[in-house]
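Colleague: First the structure, then my questions, so here it is.
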Amino acid sequence: MQDSALLVLPLPILTALLGAAIAVLILRLDLGSKSATVLFALLFALLSFSSLLVGLRFGYGLEQVILIQRTLPMLVGPLQYLGFAAFAVPKERFARAILLNLGLAFAVIAVILLSPRPIYALDWVITLSYVFYLVALWRLWRKGPDYLIHAYFDVAQKVSNWMLRGMVLLFTILLFDTVIALDFMLNEGRNAKTLISLASIPFIIGLLAFIFVLPSLMSVPRAKSTALFEGERDENVKLEQAARALLNETQIYLEPDLSVQRLSRRLHVTVRALSVAINRTQDMNVSQYVNQFRMEHAADLLRGTDQSVAKVMEQSGFLTRSNFYREFQRVYGCSPAAYRIQK
């Protein structure tokens with residue numbers, strides 16, 4: 001007879017079913033970033049699968065799943081962070097962010113699975129991962145909804161609010177995982193089943209609440225008409241043209257301390273409006289957009305003067321050599337010195 005601490009139907013199994021349902025529902029969301037939708041669906045699918053393995057291990061004594069069940073939490077932090085970062089990180093940098101964050105997590109999992117001996121520090125490695133991504137999410141959240149340039153304007157504030165709830169979820173998982181790890185360390189896991197049952201209850205309540213509010217998230221972008229989308233595109237084009245005219249007429253891009261806040265004030269718009277307009281029309285962020293003007297100025301100086309590269313950098317609005325060289329390489333595909341020789 002199975003331990004009654006997990007009830008007849010282990011609570012983690014119920015958690016897994018709810019998580020799987022949410023993963024399917026999330027794929028119907030359209031918040032402005034397809035990458036975010038896929039990543040959040042993967043996150044809940046992962047949580048669902050992890051809960052299933054926990055239920056099979058502790059509810060039905062299936063110890064064969066223990067290694068996979070213990071390593072999967074390494075992916076929770078990266079998937080949650082990347083899901084929200086998809087609304088903020090420029091597209092050309094986001095692929096690298098995925099490779100870096102998920103690549104490192106999979107590398108750790110591979111080391112653990114291929115290791116001939118148990119790695120007893122695994123729980124603490126996972127704890128460090130949770131803490132790291134809590135800090136990363138906090139830093140992203142503090143930048144505010146205006147920083148979420150890929151989210152639809154109507155849902156940016158909601159996404160920011162859900163980021164805060166996501167941090168609460170990650171902290172709760174961290175708390176329960178730490179308590180269970182300590183129980184295994186001090187009591188050989190004698191209280192693990194009871195702790196898992198207790199932990200499952202608030203998660204089940206939270207998942208049910210999330211299923212209840214998901215329809216409101218689904219309805220926001222779908223309520224927009226085609227005419228409204230076209231109007232938004234027109235407004236974005238007009239704002240980008242106004243920004244281009246301002247930069248060309250005033251050459252304020254040559255000022256190293258130019259910020260997106262200052263530029264938006266000159267245009268009498270919000271930071272978010274400017275960020276969205278540049279991103280949607282030019283597929284880049286405001287910093288890269290301004291740097292293109294600086295690059296054109298630097299290229300003119302390299303072609304038309306004998307000034308040193310360092311002097312050209314200073315006169316083009318760049319503060320650091322590394323940023324200047326990186327941006328020049330991005331725009332022209334070569335170093336400033338090589339560009340001068342070619343031209």
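The values are calculated or read from the model by the stated rules, or taken from the named source; none is laboratory data. Only a predicted model underlies this, so the values are computations on that prediction, with no experimental measurement involved. Just the protein is used for accessible areas: all its heavy atoms, side chains included, with ligands, DNA and RNA removed. Shrake-Rupley method; radii C 1.70, N 1.55, O 1.52, S 1.80 Å.
Colleague: Ignoring ligands, DNA and RNA, how do ARG139, ARG57 rank by accessible area with a 1.4 Å probe, largest first? Display every interim value, and only then the final one.
Modeller: Numbers: ARG139 165, ARG57 25 Å².
Of ARG139, ARG57, the descending order of accessible area is ARG139, ARG57.
Colleague: Which of LEU198, LEU75, LEU148 moves the most in a Gaussian network model of the chain with Cα springs under 10 Å?
Modeller: Result: LEU198 has the largest fluctuation of those listed.
Colleague: Continuing with the same structure: Could you please put ILE211, ILE13, ILE341, ILE68 in sequence from largest to smallest accessible area, using a 1.4 Å probe?
Modeller: These residues rank, largest area first, as ILE341, ILE68, ILE211, ILE13.
Colleague: Report, in deg cm²/dmol and to the nearest 500, the calculated mean residue ellipticity at 222 nm for the chain, where each DSSP H run with n ≥ 4 adds -39500 (n - 2.57) and the sum is divided by the residue count.
Modeller: Value at 222 nm, helices only, nearest 500: -24500 deg cm²/dmol.
Colleague: Shifting gears a bit: For region 1-111, what is the convex hull (Cα atoms) projected area averaged across all directions, in square nanometres?
Modeller: Averaging across all directions leaves 7.5 nm² for the Cα convex hull.
Colleague: Along region 332-339, what does the Karplus equation 6.51 cos²θ - 1.76 cosθ + 1.60 (θ = phi - 60°) give for ³J(HN,Hα), rounded to whole Hz, x for Gly and Pro?
Modeller: My calculation for region 332-339 gives 10, x, 7, 6, x, 5, 5, 4 Hz in order.
Colleague: Still on this structure: Given a 1.4 Å probe and the protein chains all in place, what does the accessible area of LYS34 round to, in Å² to the nearest 10?
Modeller: Surface open to solvent at LYS34 totals about 130 Å².
Colleague: Could you identify which residue out of ALA95, ALA85, ALA20 has the top mean-square fluctuation in a GNM of the chain using Cα springs shorter than 10 Å?
Modeller: Taking springs between Cα atoms under 10 Å, the residue moving most is ALA95.
Colleague: If one computes P(r) from the Cα atoms of region 241-282, what percent of pairs lie at distances over 14 Å?
Modeller: 45
Colleague: When the distances between all Cα atoms of the chain are binned every 20 Å from zero, what whole-number percent does each bin get?
Modeller: Cα pair-distance distribution for the chain, in percent: 26, 45, 24, 5, 0.
Colleague: Next question. Over the alpha-carbon set of region 87-172, work out the extent along each principal axis and list the three values in angstrom, largest first.
Modeller: 52, 31, 15
Colleague: Percent of accessible area on the chain owned by carbon and sulfur, 1.4 Å probe?
Modeller: In the chain, the share of accessible area belonging to carbon and sulfur is 63 percent.
Colleague: With a 1.4 Å probe and all protein chains kept in place, how do MET185, MET163 rank by accessible area, largest first? Don't jump to the answer; show the numbers that get you there.
Modeller: On the way: MET185 115, MET163 0 Å².
Ranked from most to least accessible, the order is MET185, MET163.
Colleague: Further question: For the chain, with a Gaussian network of springs between Cα atoms less than 10 Å apart, report the residue from ALA136, ALA86, ALA242 with the top mean-square fluctuation.
Modeller: ALA242
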